[in-house]
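Taking it in order: structure first as structure tokens, then the write-up.
The values are calculated or read from the model by the stated rules, or taken from the named source; none is laboratory data. In this text, all values refer to a predicted model and were calculated from it rather than measured experimentally. Counting neighbours? That spans all protein chains shown, and the Cβs are built from the backbone with ideal geometry, glycine included. For the accessible areas, the whole protein counts, side chains as well, though only heavy atoms, and no ligand, DNA or RNA atoms are used. Shrake-Rupley method; radii C 1.70, N 1.55, O 1.52, S 1.80 Å.
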Amino acid sequence: MAEPLAGRAGTTTALNLPVALALMLASGFAALACQIIWTQQTAIWLGHETTAVLAVVGAFFAGLAVGAFALGRRVETSARPARWYAACELVIGAWGLALVFLIAPAGQALLELTGEQPSVVWQWSLAFVGTFLLLLPATAAMGATLPALERVLARQSASGTALGGLYAANTFGAVLGVLAAAFWLVPTFGLARTAMACAALNLICAGATLWLFRGRAATAAPTPMTAPAPGLIPLLALTGLLGIGYEVLVVRVLRQMAENTVYTFAMLLAVYLVGTALGAAAYQRWLARRAQTGALGEKLLLALAIACLLGTASLWMAEGLKAAVLQVAGSGLVAALAAEATLAAVAFLWPTVVMGALFSHLCTQALASGLGFGRALAINTLGAAVAPFLFGVLIAPAAGPKAALLLVVAGYLLLALRLPRLSLPAAATAAAALALAWLAPPLAFVDVPEGGRIVSYRDGALGAVSVVEDAGGVARLRIDNRQQEGSSATLYADARQALLPLLLHPAPRRALFLGLGTGVTANAAAQDTQLQVDAVELLPEVIAASSHFTRPLNDGLPNPRLHVITGDARRFVRATSRHYDLIVADNFHPARSGSASLYTVEHFRAVRARLAPGGVFCQWLPLHQLDLTTLRSIVRAFVDAEPQAWALLSTFSLETPVLGLVTRADGGRFDRAQLQARLQGAALTRPLSDFGLHDELALWGGFVAGPASLARYANGAPPNSDNHPIVAYRAPRITYAPDSLPRERLLALLGELDVAPEEVVSTTTDGTWPPRLAAYWQARDRFLLAGRDVRPSNDVQRMLAQVREPLLEVMRISPEFRPAYDPLLQMAVALARTDAPGARALLTELARLQPARAEGLRALQTLEQARP
């Protein structure tokens, strides 16, 4: 039998351990930072579909396993393992530098092979194999670094193996890498420069190793190959599977209470890694000497089952815990991140501490039995590679997160029971607690207002999608209980986001909508009987839920002119060969994970390439979810790709303002005569007046900026790009800590933008048109300014006291501005019931300012006829 590691005599200098720990810290830092970078870069090409995302994760783990397995034994038998470590770091650094230049062309090739609408099997296969091969030189070398340094220090001290300490240092380095990449490196320097910095760190590790360990050969004889302890190999694989499975499932549940930003996932991953590192360090400090005595493995497995059960139980209390933390910490970015970190710590910390100790113990057993650390690491990592697909795609959507998490707990408990020295009373207690947890409610969190109800709930691979109806019958579509995709009360606004760009094209025949949401926007466009509409939506559950919101448009029937495609919108744009007369991009929440890639220069250029001659592209932006600094970067990205661009408002809402960036494929202005004919001949199943588009002024009236104004506004702002994803890291700040109200941002924006009629509309022979349009725009701005301080009230007298004179002033600027006329008319009719003289005076003023409107005259006549 091989000599136990705890009994080896130390012969190397004491300097070796701190140096090795520092190397492992730096190596872990670079590895996790690179993993984050490569995951973001590959998603740009492969898409955010579940199959693609999990394939990338699996490919990364598989590469680590290949390296640990293929190189582990060679490292163990080498007389100079320090050179192996240096070589691995050299390969990681060199290939990391190469990937800066190779990943884009390789991604383009994979995109072309994947195709427009690939099958699940084909997409997963290409994503896995392509990413595996692309990253293999680096990931394989990463998989061998820890075994190499363990071999360097194999006889470091008489107190036992340094494996636990090395693993702890490597994992602590990974924590620093995750946090530094998310909070500093990528936001400041971008992906490519961060990757270069990580590669430089790997090269420094290689050089430092060769210099510090020069001339030193390992004096310990290679561990002879013997049969591993019974059951050790499946135990390594299953603990890797269950450990990552627990991580996947807890993150899935916490998404329903967290904000799902890049910072959310960085915090969750960091806490997971901190616990693992603490467990490995604790094993090295206190448990390593007991590795060959007692029932340590059985105790750790049982402790892990109990810790995971307690972690799962904490999820039912997560909402209350988050509220309590925010109550103490207050508001702001730091407080919000502290709340998310607290949730992660309660669910992750104790389970991961035990996981770190258990992994160190199993690897120590592997070394003692002759299996070797490299092989042990490879087996454990292969199990981890399977976990995201097994638990995230198959088990959780089918059985629910609660059942999946309890399955993980049961798995650890069964592994403990199969070992001979387990405390049966403790196991029986854990089993009873597991059975009791099965009776608890599902881990599905949906905020239901008082008097409301859940209309539908679907748990999918990428998130939980719910439709919730309030007491007033207003339904809302939410993803993971946080991200609201629209409601039944926003039909007017959602439809306008389709109709405005649709009417800006003189004769569209084919349209593409990026993002479906409630489905109202795409369905509103499909009301045009001469238009075929493609809509791309990432989540199948959103597609299913959208039917609840589109009934008012379709009478409950599917629209034959609307074709919904399940897939990643960005990948579809790059993969398709079709050209469209109209492309409309949804107002994606910029802070949500993955959405920021739809606001980059590269994506806007790809969309432009898909426009047919004379085609129109409109990108909607949610000002209620954007700070102005982030908006500037998006506008800069748009005008870099589309220099001839305009901006317009979808509605004149102060609570949820939405800004559209519009461009034409030919770069020209809009032809007034063509669009007049378009308005008159639009083949829609519902009248345009239902959506506030009564005349051409209503169509043009939303324009707020021309090309020159947008260029000035964006000047000096860094563009959001694939390499420098500013939006992904900047936008979450307003989500966590709003610095202003949406109406304040809208009015500030209008103060910086301007537009002239000749910038939008081609020359017209009607000399009255430019001043009419300019007056309409001036009235619009005054209308919005007047609404800033209005406090809604059901008391018509109180409302009129606030808005009567401001709205009449707006009409004096432009009598054709209906958004001011219509509410005054409605309030005058309501006022007639209690104050006929006041109503008569208001109606008389309306008739004077706008004699062409018959509604006011009729109301005035009715009031006069009722006079006694």
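For segment 542-556, the criterion of being open to solvent by 40 Å² or more (accessible area, probe 1.4 Å), without any contact (Cβ under 8 Å) to a residue 24 or more places away in the chain and over 25 Å from G463 (Cα atoms) is met by at least one residue.
Does W95 qualify as being more than 30 Å from H724 (Cα to Cα) and either at pLDDT 90 or above or part of a helix (DSSP H, G or I) (or both)?
On the way: more than 30 Å from H724 (Cα to Cα): no; either at pLDDT 90 or above or part of a helix (DSSP H, G or I) (or both): yes.
Criteria not met by W95.
Could you identify the single residue in L97, L133, L102, L32 that is out of contact with any strand residue (DSSP E or B) (no Cβ under 6 Å at 6 or more places or on another chain) and crowded, with 22+ Cβ neighbours inside 10 Å?
Working: L97 fails: crowded, with 22+ Cβ neighbours inside 10 Å; L133 fails: crowded, with 22+ Cβ neighbours inside 10 Å; L102 fails: crowded, with 22+ Cβ neighbours inside 10 Å.
L32 is the lone residue from the list that is out of contact with any strand residue (DSSP E or B) (no Cβ under 6 Å at 6 or more places or on another chain) and crowded, with 22+ Cβ neighbours inside 10 Å.
It is to be established whether one or more residues within segment 774-794 are in contact (Cβ under 8 Å) with a residue 60 or more places away in the chain, of a type in the set (V, I, T), in contact with a helix residue (DSSP H, G or I) (Cβ under 7 Å, 6 or more places away or on another chain) and farther than 26 Å from S633 by Cα.
no
Within the group L349, L367, which residue is at pLDDT below 85 and within 30 Å of T145 (Cα to Cα)?
Details: L349 fails: at pLDDT below 85.
Going through L349, L367 in turn, the sole match is L367.
The residues on offer are L185, L236, and the sole one that is open to solvent by 10 Å² or more (accessible area, probe 1.4 Å), among the aliphatic types (A, V, I, L, M), modelled with pLDDT of 85 or more and more than 16 Å from M24 (Cα to Cα) is L185.
Using the structure shown, decide if Q527 is open to solvent by 10 Å² or more (accessible area, probe 1.4 Å) and at pLDDT 95 or above. No: the conditions fail for Q527. Scan segment 469-488 and tell me whether some residue there is over 21 Å from C618 (Cα atoms), among the hydroxyl-bearing types (S, T, Y), open to solvent by 30 Å² or more (accessible area, probe 1.4 Å) and out of contact with any Cys (no Cβ under 9 Å at 6 or more places or on another chain). Yes - at least one qualifying residue is present in segment 469-488. Residue check: V274 meets all listed conditions (1) farther than 22 Å from I734 by Cα; (2) within 32 Å of the chain's Cα centre (by Cα); (3) open to solvent by 30 Å² or more (accessible area, probe 1.4 Å); (4) at pLDDT below 90 but one, namely (4).
In segment 314-326, the residues that are over 11 Å from V346 (Cβ atoms) form Cβ pairs under 9 Å with partners that are of a type in the set (A, V, I, L, M, F, W, C) and in a helix (DSSP H, G or I), at six or more places apart or across chains, as follows: A323/A339; A324/A339; L326/A335; L326/A336; L326/A338; L326/A339. Can you tell me which residues in segment 694-716 are open to solvent by less than 10 Å² (accessible area, probe 1.4 Å), more than 15 Å from R780 (Cβ to Cβ) and among the aliphatic types (A, V, I, L, M)? Residues satisfying the conditions are L710, A714. Please find, within segment 304-348, the residue that is farthest from A433 (Cα to Cα) out of those that are over 23 Å from the mean Cα position of the chain (by Cα) and not hydrophobic (A, V, I, L, M, F, W, C). Out of the qualifying residues, it is G330. Selection of segment 255-265 for residues being part of a helix (DSSP H, G or I) and crowded, with 24+ Cβ neighbours inside 10 Å yields V262, Y263, T264.
Yes/no matrix, rows are residues, columns are (1) surrounded by 15 or more Cβ atoms within 10 Å (Cβ to Cβ); (2) of a type outside the set (D, E, K, R); (3) touching a Leu at 6+ places or on another chain (Cβ under 6 Å):
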site: S762; (1), (2), (3): no, yes, no
site: D766; (1), (2), (3): no, no, no
site: Y776; (1), (2), (3): yes, yes, yes
site: F783; (1), (2), (3): yes, yes, no
site: R788; (1), (2), (3): no, no, no
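The selection criterion, being among the basic types (K, R), out of contact with any His (no Cβ under 7 Å at 6 or more places or on another chain) and more than 30 Å from A398 (Cβ to Cβ), does not hold for R478.
Looking at L659, is it open to solvent by 10 Å² or more (accessible area, probe 1.4 Å) and either under 25 Å from the mean Cα position of the chain (by Cα) or not β-branched (V, I, T) (or both)?
Values: open to solvent by 10 Å² or more (accessible area, probe 1.4 Å): no; either under 25 Å from the mean Cα position of the chain (by Cα) or not β-branched (V, I, T) (or both): yes.
Spelling it out, it is not the case that L659 is open to solvent by 10 Å² or more (accessible area, probe 1.4 Å) and either under 25 Å from the mean Cα position of the chain (by Cα) or not β-branched (V, I, T) (or both).
From the list A368, A387, A396, the one residue that fits, being open to solvent by less than 10 Å² (accessible area, probe 1.4 Å) and more than 25 Å from L434 (Cα to Cα), is A368.
Can you give me the number of residues within segment 462-481 that are among the polar types (S, T, N, Q) and on the phi > 0 side of the Ramachandran plot?
Residues of segment 462-481 among the polar types (S, T, N, Q): 466, 481.
Then keep just the ones that are on the phi > 0 side of the Ramachandran plot; that gives 481.
Qualifying residue count for the region: 1.
Do the conditions hold for F691, that is, is it farther than 30 Å from W38 by Cα, open to solvent by less than 20 Å² (accessible area, probe 1.4 Å), aromatic (F, W, Y) and at pLDDT below 95? For F691, the condition - farther than 30 Å from W38 by Cα, open to solvent by less than 20 Å² (accessible area, probe 1.4 Å), aromatic (F, W, Y) and at pLDDT below 95 - is met. Taking the criterion of being open to solvent by 20 Å² or more (accessible area, probe 1.4 Å) and outside any helix (DSSP H, G or I), the residues of segment 283-301 that qualify are Q292, T293, G294.
Looking at H563, H505, can you tell me which residue is farther than 24 Å from A258 by Cα, at pLDDT 90 or above and buried (at least 21 other Cβ atoms within 10 Å of the Cβ)?
Values: H563 fails: buried (at least 21 other Cβ atoms within 10 Å of the Cβ).
Sole residue among the options that is farther than 24 Å from A258 by Cα, at pLDDT 90 or above and buried (at least 21 other Cβ atoms within 10 Å of the Cβ): H505.
Restricting attention to segment 371-380, the residues that are touching a helix residue (DSSP H, G or I) at 6+ places or on another chain (Cβ under 6 Å) and open to solvent by 10 Å² or more (accessible area, probe 1.4 Å) add up to 4. Within segment 440-497, the set of residues being under 28 Å from V251 (Cβ atoms), acidic (D, E) and touching a Gly at 6+ places or on another chain (Cβ under 9 Å) comprises D459, D480, E485.
Let's see how each residue does on (1) farther than 30 Å from A575 by Cα; (2) open to solvent by less than 20 Å² (accessible area, probe 1.4 Å); (3) outside any helix (DSSP H, G or I); (4) modelled with pLDDT of 95 or more:
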residue	(1), (2), (3), (4)
G72	yes, yes, no, no
A82	yes, yes, no, no
A86	yes, yes, no, no
W122	no, no, no, no
V129	no, no, no, no
T145	yes, yes, no, no
E150	yes, yes, no, no
Q156	yes, no, yes, no
T161	yes, yes, yes, no
